[in-house]
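Below is one structure, written out as structure tokens; the observations come after it.
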Amino acid sequence: MNIHNNNFSCQLSHITYRLSYYTKVFFSTPNPWEKMYYVNLISNELFWLNSLTQQLWEYFTEPNNTIEEKQFTLTELAKYTGANGTPAYAAVNGIVYDVSLEETWGGGSHFGLIAGKDLTNQFKSCHQAEAILNNLPVVGVLI
Amino acid sequence: MNSCPIAISKDFIAKNLIKLSLQNTHKINLIWLELAGCSGNIISLLNADNPDINYFLTNMISLKYNNSLMAAEGEKAYRQFLETLDTEFILVIEGAVSTKAQGLYDVVAKYNGQYVTGMEAAKLAGERAKHILAVGTCAAYGGISAAAPNPSESVSVSAFLKRDIINVPGCPVHPDWIIGTIAHLLVFGVPELDQKNRPVIFYSINIHDACPRRSFFDQRVFAEKLGEPFCMFKLGCRGPVTNTDCPIRRWNDTDNWPIGDNTPCIGCAREGFPDLMEPFIRY
Ligand code: HEM
Ligand code: SF4
């Protein structure tokens, strides 16, 4: 299997799409039978997700298989502002972090800052401890 | 026959507590000074319930000066303010202190043909008051009055007076937070305060932690537009950075509050509101 293959990421995004849809319906319906139905569908998706992870695991345990770091230009980074359902990314010291689910970054904004930019200087002027960055998922590097 | 003393006294706990709180207290004078603000906090106070404003005014304090509620006008009103300064009183300030042009951007009275600025009145009363409450976000942190570009050079009460002040922020402040703090002052003295001098009893709860939509956040079920009954984090909810007991106390006699009414929290009781809490909504 080639994980750079489009098919792989296509499958993955379909699964995540369906998962988020099923979860939403699960929470919106008051009907317990319907809830059970969606739990069933969710566990099906989890089965497929599991098999994809298995494939990934096999791929990475092979020698010589590595994945390239995703590289961002500033223009590319500017697409990820957290608006319109996009993820919210922010760069500090050349590393691009995902702040989409960071609780203090509601709607991709944080104390007057908007995601999608290199915020190294702003970060340094506000946060002494670089340690808080360790909890954020890294999505790539800035070039 | 039930001989357990606790079981017998149980029926009287509430009554005893009320008695306990009323004993040894006398109605203290109160000056409610409005500086650079919008009167939102005094209006919010009128919406108090249990105890309501009548109980507050008749049994707890003796309101000597407030531009919105008092009957006297003009010099007569201001004279009442000056007379109260010689007594023991609590000073409540709402609105920020506007400092530009010696405070002339905010005039609170005209006395003997002279303008009395809010800055002067705050200084006069601030030096003599027994306790000072900075009520509302403008008084506590500068808030909207001090928002960029701050044309009136407004500052918070604590930045201006440089003495111990109890901050009761909120835009507006919840009536219970004011009456509760004053009740505590009357009965037990200064309540326990946090690092930002806010009473811990009202400001120790993080909105996001007590939010009824928290399970949606944990399950990553987010509202994509206003009106959807899910977590409003992706729309820019400021619940995670704001500490008040809104989710459990709620407003308008325990009914409404922003997230319960389908709009995201805008962090109105937080330092940095409104500039640092913007944008209030994001798609
Ligand atoms: C890319 C730039 C930035 C990143 C990645 C970032 C990240 C974070 C993270 C992860 C937290 C949560 C920390 C924790 O709870 O342990 C946080 C909190 C905070 N950040 Fe930032 N930050 C950035 C820039 C700024 C700037 C420029 C400011 C000032 C305007 C700021 C002000 C704050 C404040 C005040 C908190 C504390 C929130 C609270 O009271 O709970 N941050 N930040
Ligand atoms: S609506 Fe706001 S406060 Fe409530 S869970 Fe979502 S982010 Fe937290």
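The values are calculated or read from the model by the stated rules, or taken from the named source; none is laboratory data. Being a predicted model, the structure only gives us computed values, none of them experimental. Ideal geometry is used to build each Cβ from the backbone, glycine not excepted, and the neighbour counts take in all protein chains shown. The accessibility values were calculated without ligands, DNA or RNA, using every heavy atom of the protein model including side chains. Shrake-Rupley method; radii C 1.70, N 1.55, O 1.52, S 1.80 Å.
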Quick one: Cα centre-to-centre distance for the range B:107-180 and the range B:19-86, in angstrom?
15
Using unit Cβ charges (K, R positive; D, E negative) and no other charged atoms, how large, in debye to the nearest 20, is the dipole of the protein assembly as shown about its Cα centre?
600
Answer with one residue from B:Gly180, B:Pro264, B:Pro191: the one whose Cα lies farthest towards the positive end of the charge dipole of the range B:140-283, charges on Cβ with Lys, Arg +1 and Asp, Glu -1.
B:Pro264
Using only C-alpha atoms and all pairs of different ones, pull out the Kirkwood radius for the range A:6-61 in Å with one decimal.
12.2
Output row B,A: buried area (accessible, probe 1.4 Å, summed both chains) in Å², nearest hundred, equals 1800
Beta bridge orientation in the range A:70-142: antiparallel %, DSSP, nearest 5
75
Can you give the calculated 222 nm mean residue ellipticity of the protein assembly as shown, where each DSSP H run of n ≥ 4 adds -39,500 (n - 2.57) and the sum is split over every residue, rounded to the nearest 500 deg cm²/dmol?
-10000 deg cm²/dmol
For the pairs A:Lys35/A:Lys117; B:Lys110/B:Lys130; A:Lys124/B:Lys196, note any where the Cα-Cα span goes beyond 30 Å.
A:Lys35/A:Lys117
Any idea what the alpha-carbon Rg over 2.2 N^0.38 Å comes to for the protein assembly as shown?
1.26
Using a simple charge model, +1 on the beta-carbon of Lys and Arg, -1 on the beta-carbon of Asp and Glu, nothing else, what dipole does the range B:172-280 show about its Cα centre, in debye to the nearest 20?
200
Please compute the per residue accessible area over the protein assembly as shown with all protein chains in place, 1.4 Å probe, rounded to a whole number of Å².
54
Folded to 0 to 90 degrees: helix A:32-61 orientation relative to chain A principal axis, Cα:
60
State the answer as a single residue: which of A:Asn50, B:Tyr115, A:Val99 lies farthest towards the positive end of the charge dipole of the protein assembly as shown, with beta carbon charges of +1 for Lys and Arg and -1 for Asp and Glu, about the Cα centre.
B:Tyr115
What is the distance in Å between the Cα centroid of the range A:33-48 and that of the range A:56-116?
30
Select from A:Pro137, B:Tyr203, B:Gly239 the residue farthest towards the positive end of the dipole of the protein assembly as shown; place +1 on Cβ of Lys and Arg, -1 on Cβ of Asp and Glu, and compute about the Cα centre.
B:Tyr203
Per Stokes-Einstein, at 37 °C and 0.692 mPa s, what whole-number D in µm² s⁻¹ belongs to the range A:70-142, with the Kirkwood radius over Cα pairs as the hydrodynamic radius?
275
By the DSSP-based rule, helices of chain B that are at least 15 Å long along the axis (C-alpha) and have a mean Kyte score of at least -0.5 are B:118-128, B:175-187
Dipole magnitude of chain B about its Cα centre (Cβ charges: Lys, Arg +1; Asp, Glu -1), debye to nearest 20:
300
Only Cα pairs within less than 10 Å get springs; with that Gaussian network setup on chain B, which residue of B:Lys196, B:Lys225, B:Lys27 has the largest fluctuation?
B:Lys225
